[in-house]
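Q: Structure below; questions to follow.
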Amino acid sequence: MVHLCAHYFVGAAPSRISIAVADCGIGIPNHLAAAYPELRGNDARAVYESLKPGVTGAIRGMYGTPNNAGAGLYVTRSIAKGTGGYFAVVSGRAAYRTFRSDDGGEQGTLFPEPERDKHRMFADFKGWDGTVVALEIRPEILDDFETILGWVCGSMPAALQMRRAQSRGRLNTPESSPRATAGRSTRRTSTSMTA
């Protein structure tokens, strides 16, 4: 069972859209423990890993499958960050939450490692067997969705190359992506999204 709620806040600046999705499945820690036994019993580490690109795909490996590459939470976290909103995920006994930001420099770099974002991790949360994901986006910055999505997707090859190097025992420093010109565009675009 999946639950979805959304709200568009207008009136008080800045305008924002909040979206939350909750499921009653096995949760991130149990899902990842099947492919990564070293994560069993460490819900906080499992949540951190799930936010990295290429980890939670349908099969273990850098790219998952064409239909499930394990990038959804990374992309969602990055869109929230790029628009100045927050991102949160709760699963098992762990809860991760980023902070809102109006600082373009702080928002201008996407990190594949969620630990590098300004955030809080609650490692002894009361618990949720499934997964809850919530985010806030600022529509005036999301004015040009194609630019934001290009910025996020452009960071993925570097992030995946870094993960590949780490799996071979080498540590790479992630490349910073300049902040997209989102929110500065006067052109309105419409994007349809299907679930």
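The values are calculated or read from the model by the stated rules, or taken from the named source; none is laboratory data. Note that the structure is predicted; figures quoted are calculated from it, not measured. Glycine also receives a Cβ, built like all others from the backbone with ideal geometry; neighbour counts cover every protein chain displayed.
Q: Could you tell me whether A165 is surrounded by 16 or more Cβ atoms within 10 Å (Cβ to Cβ), at pLDDT below 80 and farther than 15 Å from E49 by Cα?
A: So A165 does not fit the description; no.
Q: Please state which one of R120, R77 is among the basic types (K, R), buried (at least 19 other Cβ atoms within 10 Å of the Cβ) and either assigned to a strand (DSSP E or B) or at pLDDT 90 or above (or both). Give the derivation first.
A: Working: R120 fails: buried (at least 19 other Cβ atoms within 10 Å of the Cβ).
Selected residue: R77, the only one of R120, R77 that is among the basic types (K, R), buried (at least 19 other Cβ atoms within 10 Å of the Cβ) and either assigned to a strand (DSSP E or B) or at pLDDT 90 or above (or both).
Q: Does G72 satisfy being at pLDDT 80 or above and closer than 20 Å to S155 by Cβ? Lay out the reasoning, then the answer.
A: Numbers: at pLDDT 80 or above: yes; closer than 20 Å to S155 by Cβ: yes.
Yes; evaluated as a whole, the condition is true for this residue.
Q: Further question on the same structure: Six or more apart or on different chains, Cβ atoms under 6 Å: show the pairs whose first residue is in the range 19-44 and on the phi > 0 side of the Ramachandran plot and surrounded by 17 or more Cβ atoms within 10 Å (Cβ to Cβ) and whose second is β-branched (V, I, T) and at pLDDT 95 or above.
A: As it stands, the answer is G27/T131, since those pairs meet every condition given.
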